[in-house]
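The structure under discussion appears below in the form of structure tokens.
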Amino acid sequence: MPYFEGFQLNHFQPVYLVTPLAMEDGEYDNLEYKHSNEDHGMDMDDLLPQVGEFGTYQKLMLWLVCLPACFPCGFGAFNQLFMADVPDHWCNIPELQNFLPEITKNVSIPFEDNGFSRCSRYVVNWSRLIEDSGGTIEGVEVNSSWSIEGCLEGWVYDRSKVVSSIVIDFDLVCDKDIYPTLGLVALNVGGPIGVYTFGRLNDTIGRKKSFFLCLTTLLIGGILTVTAQNFWWWAGSRVVVGLTIPAMYQIPFIISLELVGPNYRSFVTVLTCMFYTVGLMMLSGITYLIRDWVHLGLATSLPFLLYYFYWFWLPESPRWLLAKGRFEEASKILETLARVNQKALPDSFKQQLKRKIMYKPSKSEEEALKKSPGCFELCGTPNMRLKTTLITLNWFANETVYVGLSYYGPSLGSNEHLSFLLSSAVEIPTYLACWLVMDRWGRRWPICTCMLICGACCLATATIPDDAVGITLVLFLVSKSAISASFLIIYPFAGELYPTQLRGVGIGTSAYIAGLGLIIIPFITYLGSEMLILPLIIMGVISILGGLTGLRLPETLHHKLPQTVEEGEAFGRDFNLTDCLRCIPLRPETSVVSSYEDLELTPVKVTPHEETPFEPKMPRRSTMRKLVRQQSTMDTQRGSNGTMQMTYWF
């Protein structure tokens, strides 16, 4: 699971903080408005059931183009964990270079509680001592009263496990041991800047051009990384790479969502999450085979040059083209989609849609569009203020702990590559479990229970012996799996708690504030260099606090979602202790089939014989059919022209 990303499970989509683009006079001509009940112009959600919601065309795009496009994001986000491996090291003494390193360490390096010192050495005249002992160092007797000084002439590195890293090449140890942590901070600083920049480009120049511009930026950052001659050059290159994370993942993902029908967006999102995790598992294998940090940087960036061939196959989003008034280009893509799916594109589609998009809004409608609720309404009333605070705190705890555990995984266990592989693999059953559980047991108790389990496992590491590395790894994997589950649930849960009028700005604000924790996370993991379990204890406390505060939030399963700010203030206002302790949500007398309700989305009838990748030739169980094809009614945030927007997304 990408740590910056939003996920859709059982009726939910990734969400964005939408920043309206500045519009010149006359640009409203290309906007689509639901201006009257009489105008029932056809849009993409009306068209796709007729030409195929998830037919052959969408499957080819998904399997051959969009899903493989998930790999660069994970590679760029986590390859530097292995570039900055810290080997065992001790002070270099030029007078003793002709002797075996282990022997020189025994006589020249002070012994401390945890082993030989890494940053100090004895101050003696080694040439005289060697001469007095007959020309050999074996005869030198160590005197604990010798004076001690720092490493003035560099370090000797044990390359038996870490063959090459930036730590070795740039001497990032002792007084510079925090520098690799600053490299992670640099990567995370670039993320919010890049996701906003590429989000604006994605909504203005199109998805296809934005993807290749993002790919080019990633490759430039990768090349700058491997050509770095000093740490600051390397850190600056990581900022460039960070600009593409997670935008590199988002853009093809949005294209996928805009190509398939509403009934398959949940399935596509879960599948995309799994591909991302598979990419992280592939990265663990690559880092195991390639131990040189320069070669690793090349291996995790240059192969993506092949993605430029996608220019000939990756289509522009028809929704975006239609919203921009580029009807001929959109028609060609839709005709190809219909032809590959062995369907027929309705002859009246272009005329109806063009008439709807070219509609000129009145001044009153323009004013109504400008008067949308903002951040003030999130905290303008007591109940909304409480819910906004609790959602943001819970989101902060989830993101901090999830990303912290992802960064900390390689440092646990006896094999960092195996630890990273396992910490990634445990997310896959998490996705499937959340997919099944959320519509049965709700959101509140599953998310809080998972966070409490995560916190308990993290704190349990403080009670086991320091040498029990295996037990620590098991507890870590359980906590990583639990926090992954809660991190998935927070997206739909927050989206359901915020009313429709505030959903975009609410989720965007909470995600932005929670995302500030990304700058803190590397410093938390840095504490593990002195005490291995200390970061786990800190993250355990954060997770437990987040889980306990989340219990105060009202359950949303089986409830009609609030649409207006007033309904949002009323929802959960009468929350009491009985509601807090109730584990299984009650179905209200006037319940809806789904816990989501978006009045802007028209229900779509699905072609009954359409298959999905999980659909074998033999008859399927109805439960699998329901899971794979279920209508996503809490849709991705859109502009007034109907296109999905990606201005901001963690």
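In the stretch 44-89, what residues are among the charged types (D, E, K, R) and surrounded by fewer than 23 Cβ atoms within 10 Å (Cβ to Cβ)? Give the derivation first.
Within the stretch 44-89, the subset among the charged types (D, E, K, R) is 45-46, 53, 59, 85, 88.
Correct list: 45, 46, 59, 85, 88.
Can you tell me which condition residue 238 does not meet? The list is (1) without any contact (Cβ under 8 Å) to a residue 24 or more places away in the chain; (2) part of a helix (DSSP H, G or I), and all the others hold.
(1)
Looking for whichever is more than 22 Å from residue 416 (Cα to Cα) and open to solvent by 10 Å² or more (accessible area, probe 1.4 Å) here; the options are 242, 236. Which one fits?
Values: 242 fails: open to solvent by 10 Å² or more (accessible area, probe 1.4 Å).
When all the criteria are applied, what remains is 236.
Taking the condition of being part of a helix (DSSP H, G or I) and in contact with a Gly (Cβ under 6 Å, 6 or more places away or on another chain), how many residues in the stretch 243-267 meet it? It would help to see each step written out before you state the result.
Restricting attention to the stretch 243-267, the residues satisfying the condition of being part of a helix (DSSP H, G or I) are 247-259, 262-267.
Among the residues that remain, those that are also in contact with a Gly (Cβ under 6 Å, 6 or more places away or on another chain) are: 247.
Looking only at that region, the number is 1.
Of (1) touching a residue at least 60 places away in the same chain (Cβ under 8 Å); (2) surrounded by fewer than 22 Cβ atoms within 10 Å (Cβ to Cβ); (3) of a type in the set (Asp, Glu), residue 496 satisfies all except one. Which?
(2)
Considering only the stretch 404-500, give the helices (runs of 4 or more DSSP H) lying wholly within it that have at least 1 residues that are touching a Gly at 6+ places or on another chain (Cβ under 8 Å).
Numbers: elements: 416-425, 427-441, 444-460, 469-497.
Where helices (runs of 4 or more DSSP H) fall fully within the stretch 404-500 and carry at least 1 residues being touching a Gly at 6+ places or on another chain (Cβ under 8 Å), they are 416-425, 444-460, 469-497.
Can you run down the residue pairs with Cβ atoms below 9 Å, 6 or more apart or on separate chains, where the first is in the stretch 288-311 and of a type in the set (Asp, Glu) and the partner is surrounded by 13 or more Cβ atoms within 10 Å (Cβ to Cβ)?
292/163; 292/164; 292/165
Taking residue 85 and the conditions (1) out of contact with any helix residue (DSSP H, G or I) (no Cβ under 7 Å at 6 or more places or on another chain); (2) of a type in the set (Asp, Glu); (3) under 26 Å from residue 295 (Cα atoms), which numbered condition does it fall short on, given that it satisfies the others?
All conditions are met except number (1).
Is there any pair linking a residue in the stretch 97-115 that is basic (Lys, Arg) to one that is crowded, with 16+ Cβ neighbours inside 10 Å, with Cβ under 7 Å and at least six apart or on different chains, and which?
105/90; 105/116
With the structure loaded, tell me whether residue 343 is at pLDDT below 85 and either in contact with a strand residue (DSSP E or B) (Cβ under 9 Å, 6 or more places away or on another chain) or closer than 29 Å to residue 46 by Cα (or both) or whether it fails that test.
Working: at pLDDT below 85: no; either in contact with a strand residue (DSSP E or B) (Cβ under 9 Å, 6 or more places away or on another chain) or closer than 29 Å to residue 46 by Cα (or both): yes.
When the stated conditions are applied, residue 343 does not pass them.
For the stretch 499-516, which positions are crowded, with 21+ Cβ neighbours inside 10 Å and within 18 Å of the chain's Cα centre (by Cα)?
507, 508, 509, 510, 511, 514, 515
Would it be correct to say that residue 207 is farther than 19 Å from residue 307 by Cα and under 20 Å from the mean Cα position of the chain (by Cα)? So that I can check it myself, show each step before the final result.
On the way: farther than 19 Å from residue 307 by Cα: no; under 20 Å from the mean Cα position of the chain (by Cα): yes.
For residue 207, the condition - farther than 19 Å from residue 307 by Cα and under 20 Å from the mean Cα position of the chain (by Cα) - is not met.
Just wondering, is there one or more residues in the stretch 366-388 that are crowded, with 17+ Cβ neighbours inside 10 Å, at pLDDT 90 or above and part of a loop (DSSP other than H, G, I, E, B)?
No.
May I ask you to list the residues in the stretch 216-233 that are surrounded by fewer than 22 Cβ atoms within 10 Å (Cβ to Cβ), touching a residue at least 60 places away in the same chain (Cβ under 8 Å) and either touching a strand residue (DSSP E or B) at 6+ places or on another chain (Cβ under 8 Å) or part of a helix (DSSP H, G or I) (or both)?
Listed by number, the residues that qualify are 219, 223, 226, 231.
So which residues in the stretch 106-147 are open to solvent by less than 40 Å² (accessible area, probe 1.4 Å), at pLDDT below 85, among the polar types (S, T, N, Q) and under 46 Å from the mean Cα position of the chain (by Cα)?
Result: no residue meets the conditions.
The rows are residues; the columns are (1) touching an Asp or Glu at 6+ places or on another chain (Cβ under 8 Å); (2) at pLDDT below 75; (3) of a type in the set (A, V, I, L, M).
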{"site": "517", "(1), (2), (3)": "yes, no, no"}
{"site": "531", "(1), (2), (3)": "no, no, yes"}
{"site": "536", "(1), (2), (3)": "no, no, yes"}
{"site": "540", "(1), (2), (3)": "no, no, no"}
{"site": "556", "(1), (2), (3)": "yes, no, no"}
{"site": "591", "(1), (2), (3)": "no, yes, no"}
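Table: residues versus (1) free of Cβ contacts under 8 Å to residues at least 24 places away in the same chain; (2) surrounded by fewer than 17 Cβ atoms within 10 Å (Cβ to Cβ); (3) under 23 Å from residue 527 (Cα atoms).
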| site | (1), (2), (3) |
| --- | --- |
| 408 | no, no, yes |
| 415 | yes, yes, yes |
| 419 | no, no, yes |
| 422 | no, no, yes |
| 429 | no, yes, no |
| 438 | no, no, no |
| 443 | no, no, no |
| 455 | no, no, yes |
| 465 | yes, yes, yes |
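Identify, please: which residue in the stretch 526-556 is in a loop (DSSP other than H, G, I, E, B) and without any contact (Cβ under 8 Å) to a residue 24 or more places away in the chain and is, among those, least open to solvent (accessible area, probe 1.4 Å)? Spell out how you get there, then give the answer.
Residues of the stretch 526-556 that are in a loop (DSSP other than H, G, I, E, B), as a first pass: 530-533, 551-556.
With without any contact (Cβ under 8 Å) to a residue 24 or more places away in the chain added as a condition, the list becomes 530-531.
On the way: 530: 156, 531: 89 Å².
Only one residue tops the list, namely 531.
The values are calculated or read from the model by the stated rules, or taken from the named source; none is laboratory data. As the structure is a computational prediction, the values presented were derived from the model and not from experiment. Methodologically, a virtual Cβ is constructed for each residue, glycine included, from the backbone with ideal geometry; neighbour enumeration extends over all protein chains shown. With ligands, DNA and RNA removed, areas are computed over all heavy atoms of the protein, side chains included. Shrake-Rupley method; radii C 1.70, N 1.55, O 1.52, S 1.80 Å.
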